[in-house]
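Here the structure is laid out as structure tokens; the discussion comes afterwards.
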Amino acid sequence: MSRLTLSSPLSGWSAPLDEAPDAVFAQRMLGDGVLIDPTGNELLAPCDGEVVSIAASHHAIAVRAANGAEILLHVGIDTVALAGKGFELHVAAGTKVRKGDRLLTFDLALLAREATSLVTPVIVTNGDRFEIVSAQTGCEVAAGDALLEIQPLAGTAAKQAKAEAERVSEKIRVEHEHGIHARPAALIANFAKALPFDLEVIANGRSANPRSAVALMSLGIRGGDEIVVAASGAEGAAAIAEVRRLIHSLEGPNPAKAKPAEIRPIGAVSAPTDPSRIKGVIASRGLAIGAAFYLREAEIAVVEAGAGVAHESAELERARGEVRQRLQALAKEAAATAKEIITAHLEFVDDWELVAAARRSIAHGKSAAFSWRRAVRDSADALKALGDPRIAERVDDLLDLERQVLVALLGQTPTTQIEIPDRAVILAEDLKPSQFVSLDARKLAGICLAAGGPTSHVSILAAAVGVPTLVAAGPAVLGIEDGTALILDTEQGVLRVAPDQGELASAERTIAARRQRQSAERSAAQNLCRTADGKRIEVFANLGSLGEATHAVAQGAEGCGLLRTEFLFLEREQAPDEREQLRRYQEIADALTGRPLIIRTLDIGGDKPIPYLPLPAEENPALGLRGIRTSLWQPDLLRVQLRAVLQVQPAGQCRVLLPMITDVAEVRIVRKLIDEIRRELGITTTLQVGAMIETPASAAIADQIAREVDFFSIGTNDLTQYTLAMDRGHADLAARIDALHPAVLRLIAMTAEAGARHNRLVAMCGGLASDPAAVPVLLGLGLTELSVVPSIIPQLKHLISRLTLDACRSLAQRALAQESSEAVRSLLAETSNELKVAL
Ligand code: PEP
Ligand code: MG
């Protein structure tokens, strides 16, 4: 590995960089190097190379050596303020120089009087590629003396040979149908960043350091690709195994799922035909009538020249910090879909490669805004060039983040609300997620974009809130005048421009009929739920945040049957304390206005690690320390959580639910702990305790567990995985992991019987409860509480109101006798209409 000796550009005293009177240099934000306190007034080239940039105020020059190393020579500290006074340039950007050539002469006396300091940092700015092997510091140097020895980063020959000898690698097949796009890349980058060593991912003949989500995405890894992950040593092997697990944990193709939106390559939609009927790709289904409102967003102007490296670096840090803070606050309260998107944006703010590229550009005298934009646009172009429409859609997110950081850099107020007219159909070239959330939802009728894609984050957000959206409709969209009447039919994928009165009236009738049905369901959803023959069935919501609680109540939730408290514990440095937990639980209890709140104790471990809880490495995490086992292994964590739950007011609104119970002893220990805490806090009211039935063991001994608890809640997600011995995240098995498998149904039946015998309420909070096809069977098996995803509540309540228990019971018996989940599903499909009583 060839070394390069850099000679001193100045005569003077050489000192370590730590002594720089400026944190940006001392903390090596721009890279490693040394300081020269000059005695001479001539700055010379430290090596053969090319002048790659000169600061507008001439105080800093960067030279690129033939091997690619970039060396920044920054004369004095805060010398940008001199605006060129006292500097005389002898080269221009692009000049080829030889070691020792004169670059700059400066007025030493003037600088000594007017600058904060004369010390001149000599920095290798691309420290991601080069390392300093030796430096002459603590001594007098003459201009031209050897100062620094650098070499490409692979390390010394011996270190490299050792790394080579210990190199481990593994081929991994990416099954995830969308390949490694933003969210998987963010997941892997998040893991890789925490490692004290580097990993390498090789795919499609290129390699990337997965600490950078952007670098990883730019490899263009698609579903079905085989990649190589490499590292060094035993720790490296363990890290590779974790990357394999992360990749395999990605959601895979699942034919059992709802049919995805039609996907066609961007721009491949419409041969320009009738301009009054524009075709596009369906991103969110529905029908809307409204007036065109063209959303234009002016490009933010940025100045290229920086006001000094120190100033611009600090500005970039400040702006990224502001954006990070805002996104973290948003993520806390966001619903699940939006949260995932915000998390991917957060990953980009700190993306290793983006930030390094921006810092390099700043070191070359550019402004923070210019540097950030250039770094983002370069990455965006690289992603677009892959020609993969799904990856290209992620460019939206990058550009969105570019804008957010620029807004913060320029001190503008982030847009929180974009004014739009009533019943607006938004037309735009493309829409960024942050713009979408700034639109007034009450006035928004629909969205039609010239570009974009059906799996872009805007499309996901629009679908989550049911806004009809058409994307990739082509440039014809941009020619429509503001205020033009439109019918946006995203069932058919057509934007009808300036329809006649007859068409408008017919679309109005269809919308009205649909609204009537949904609003009938929604308003009836506020009634307590009963079957047609009067049996009370509680329909609760599964929640993971305060925002979801408010939404669930509006949807008609009668309580919360499962609060997944993991949301409070993940993505932070230490566990939330008792006060914080109490505050967050109380907020949710208040949002439920007296309705029951069932708080599940922390279900952490296994596939959901938390940094401050160092769990032992496990061969098979799903069968290791999870749920209640982790809590009993770390009882202090459980104690704090139970203390918080017990103090929520009014007493009695909360119940506690224990995950992953496998035997009665676990329940007894927790009950003892609760009694202890009640005594400590002087609480006399009792706390109802429930067991999740989500292991075959707990279903088999449900009669024993029933004696120890107040209620059961069946978790079909885990119960199915453990009963069928199929990993719930396994892409290839996804279509077969069906909770309607007769084996799972029989365990549900056993649990329900045990509950009935011991007079215990039997609820279900697993995913099966949110499946309308399964609901008649669940009622027939004896369940009286369903805890479901909030958006389905109105539909389920309406369905239940049309069922009778007798019909459900006989259907359940027939389902138990089937031989496969497919057979159960066919039976349910055949009987679904005859089962419902007429209203
Ligand atoms: C379940 O396993 O069904 C359940 C509700 O718990 P989770 O999905 O949080 O593991
Ligand atoms: Mg579970």
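The values are calculated or read from the model by the stated rules, or taken from the named source; none is laboratory data. Predicted model, so just to flag it, every value in this text is computed and none were measured. Heads up, the Cβs are rebuilt from the backbone with ideal geometry, glycines too, and the neighbour counts pull from every protein chain shown. Calculation scope for accessible area: heavy atoms of the full protein, side chains included, ligands and nucleic acids excluded. Shrake-Rupley method; radii C 1.70, N 1.55, O 1.52, S 1.80 Å.
Between the helical axis of 578-591 and the longest alpha-carbon principal axis of the chain there is an angle of about 50 degrees.
As I understand it, the dipole of the chain uses +1 on the Cβ of Lys and Arg and -1 on the Cβ of Asp and Glu, about the Cα centre. Which of ALA363, ILE61, ASN542 lies farthest toward its positive end? So the residue we want is ASN542. Between ALA165 and ARG285, the distance separating the two model label sites (each 7 Å from Cα on the Cα→Cβ line) works out to 6.2 nm. Only one residue of LEU799, LEU216, LEU811 has its Cα farthest out toward the positive end of the dipole of the chain, where Lys and Arg carry +1 and Asp and Glu -1 on Cβ, and that residue is LEU811.
If you sort the three axes of the alpha carbon gyration tensor as a ≥ b ≥ c, you get a/c of 1.5 or more for the range 769-839 and a/b above b/c, which makes it prolate.
Between TYR612 and ARG530, the modelled label-to-label distance comes to 4.9 nm, taking each label 7 Å out from Cα in the direction of the beta carbon. Here each label is just a point 7 Å from Cα along the line to Cβ, and for GLN328 and ALA92 those points are 4.8 nm apart.
Run the dipole for the chain about the Cα centre, Lys and Arg Cβ at +1, Asp and Glu Cβ at -1, nothing else charged, and hand back the magnitude in debye, nearest 20.
On the way: 88 positive and 105 negative charges, 468 e Å.
Dipole about the Cα centre, nearest 20: 2240 debye.
The protection proxy used here, the mean number of other Cβ atoms lying within 10 Å of each residue, ranks peptides 302-313, 14-25 as follows, highest first: 302-313, 14-25. Taking amide H positions as modeled 1.01 Å from N, with prolines and chain starts lacking one, the residues under 5 Å from ALA143 and 5 or more places away or on another chain are SER11, GLY12. Rounded to the nearest 0.05, the FRET efficiency derived from the C-beta distance between GLU573 and GLN412 at R0 = 30 Å is 0.45. The amide H of ALA557, built 1.01 Å from its N in the peptide plane, has no neighbour under 5 Å, considering only residues 5 or more places off or on other chains. Of the DSSP beta bridges with both residues in the chain, give the percent that are antiparallel, rounding to the nearest 5. So the antiparallel bridges in the chain amount to around 65 percent. Axis of helix 389-409 versus longest Cα principal axis of the chain: the two differ by about 60°, to the nearest ten degrees. For the range 170-242, pairs of C-alpha atoms spaced more than 21 angstrom apart make up 14 percent of the total.
Just the number please: accessible area per residue for the chain, 1.4 Å probe, all protein chains included, in Å².
Details: 35200 Å² over 839 residues.
That works out to 42 Å² for each residue.
Helix-only arithmetic for the chain: the sum of -39500 (n - 2.57) across DSSP H runs with n ≥ 4, divided by the residue total, places the mean residue ellipticity at 222 nm at -12000 deg cm²/dmol. Taking every pair of alpha-carbon atoms in the range 429-519, give the share separated by more than 24 Å as a whole percent. Summing the P(r) of the range 429-519 above 24 Å gives 22 percent of all pairs. Centre-to-centre separation between the Cα atoms of the range 434-450 and those of the range 665-731: 43 Å. Full extension of the chain segment joining ARG318 with ALA520 gains 67.7 nm, where the gain is 0.36 nm per residue of separation less the Cα-Cα distance.
Highest mean packing first, where packing is the average number of other Cβ atoms within 10 Å per residue, the peptides 468-479, 612-623 line up as 468-479, 612-623. Take every pair of alpha-carbon atoms less than 8 Å apart whose residues are at least six positions apart; their mean separation over the length of the chain yields a relative contact order of 10 percent. In this Cβ point-charge picture (+1 for Lys and Arg, -1 for Asp and Glu), the range 467-573 has a dipole of about 520 debye about its Cα centre.
The relative contact order of the range 1-51, computed from alpha carbon pairs under 8 Å that lie at least 6 residues apart in sequence, is 47 percent.
Can you compute the FRET efficiency between ARG746 and ASN209 using 1/(1 + (r/R0)^6), with r the Cβ-Cβ distance and R0 = 45 Å? Round to the nearest 0.05. Working shown, then result.
Values: r = 50 Å, r/R0 = 1.11.
Calculated transfer efficiency: 0.35.
Using the Cβ-Cβ distance between ARG671 and ALA194 with R0 set to 41 Å, the FRET efficiency works out to roughly 0.65. Against the empirical curve 2.2 N^0.38 Å, the C-alpha radius of gyration of the chain lands at a ratio of 1.11.
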